[in-house]
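Structure record follows, encoded as structure tokens.
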Amino acid sequence: MTDLQTAIREKFQAASRILIASHVRPDGDAIGSLLALGLALQDSGKTVQMVLADGVPATFRHLPGSDQIVHRSEGAFDLAVTVDCSDLKRVGSALDGYGSPDIVIDHHVTTEPFGILNLVEPEAVATASVLIRYMPAWGLVITPPIAASLMTGLVTDTLGFRTSNITSEALRQAADLLDLGVDMSALYFRSLVRRTFAAARYWGAGLSSLEQANGIVSVTMTLADRKSAGYTGNDDADLINVVSSIDANEVAIIFVEQNAEHVKVSWRGLKPEIDVARIAKQFGGGGHRAAAGAEVRGGLDEVRERVLRITRRALNDM
């Protein structure tokens, strides 16, 4: 083990009460990594509190242990850990009263070293993949329920092993999880295929705004769209994955109005040479070369115009 791996193992072994948090608007990798590490530490005899400021979306409530996840931390802890977070502000209110985490475990290329110990491996396809690499070395056992959460992280962050950063290691990891009894077809369906009626209506509203120009295909989703559809989330219901499949473009963008002063923006690079993380970083966001996001302050029309302008400029410079 490296010095960092040894230090993380010693931290886990010495702690008795551990807080683990992940980012706002949690996706499958955030939730899967949170549950996998949390349940494994519980199995090793630790008292663990798992926290997501925005809670668990209905899509992932089938995962074992998801009912233990709370919105806010309570009590004192020996150790605080974040998983799948690129910076402290992405944790939201989950670490209120604690400050910077003791351990950061992540795989985003834009991740800042905001913890005391920072395990960041951008070449990994998911934070779940990082955990699979090192949990055994930390003395943590991957049981079938934990394997289901780890597989969810792998499947969702690679869109079913279809992203350009997929590796033979990730496929071997998936095979090992299958050997533990994971039902990958069921996890795939629940995480990437199944949609609520409200989400489908929200998609319809978003697709009605579809525009394409200068190598950029974009969709705008308003608060009125969300209310009319009856969709209760504050994201795009994964419509970005559909928009990204539209041919003859370099970048796909979705604008999701959060309120009168904030817009959630998601970028997808549709060619290998496109680095959308660099674009997102200009707006205080981050992510991966091929997929990134940011919450941008301003009204919907103003943010949309500014993001499209800067994205077009960035494409010209790449």
> Relative contact order for the chain: what is it in percent, counting Cα pairs under 8 Å that are at least 6 residues apart?
Replying inline: 13
> Please state the Cα pair-distance histogram of the range 212-259 with 10 angstrom bins from zero: what percent is in each bin?
Replying inline: 26, 48, 23, 3
> In the neighborhood of K281, defined by Cβ-to-Cβ distances under 12 Å, what is the net charge if each Lys or Arg adds +1 and each Asp or Glu adds -1?
Replying inline: -1
>> Taking just the alpha-carbon atoms of the chain, what radius of gyration and Dmax come out, in angstrom?
In response: 19.1, 56
>> Can you give me the Rg/Rh ratio for the range 1-56, using Cα atoms for both radii and the Kirkwood formula for Rh?
In response: 1.02
> If you look at just the Cα atoms of the range 160-318, how large are its Rg and its Dmax in Å?
Replying inline: 16.8, 51
> Quick one: net charge of V217's neighbours, Cβ under 12 Å, K/R +1, D/E -1?
Replying inline: -2
> Per residue of the chain, what 222 nm ellipticity follows from adding -39500 (n - 2.57) for every DSSP H run with n ≥ 4, rounded to the nearest 500?
Replying inline: -10500 deg cm²/dmol
>> Show me, bin by bin at 5 Å from 0, the whole-percent P(r) of the range 3-192 based on Cα pairs.
In response: 1, 9, 19, 24, 22, 17, 7, 2, 0
> Which whole-number percent gives the relative contact order of the range 3-192, counting Cα pairs below 8 Å spaced six or more residues apart?
Replying inline: 24
> Over all distinct alpha-carbon pairs, what is the Kirkwood Rh of the range 99-171 in angstrom?
Replying inline: 13.0
> On alpha-carbon atoms, Rg over Rh for the range 196-284 using Kirkwood Rh?
Replying inline: 0.97
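Readers should treat all values here as calculations from the given coordinates under stated rules, not as data from a laboratory. Since the model is a prediction, treat every value here as computed from it, not as a measurement. When we count neighbours, we look across all protein chains shown, and the Cβ atoms used for this are built from the backbone with ideal geometry, even at glycine.
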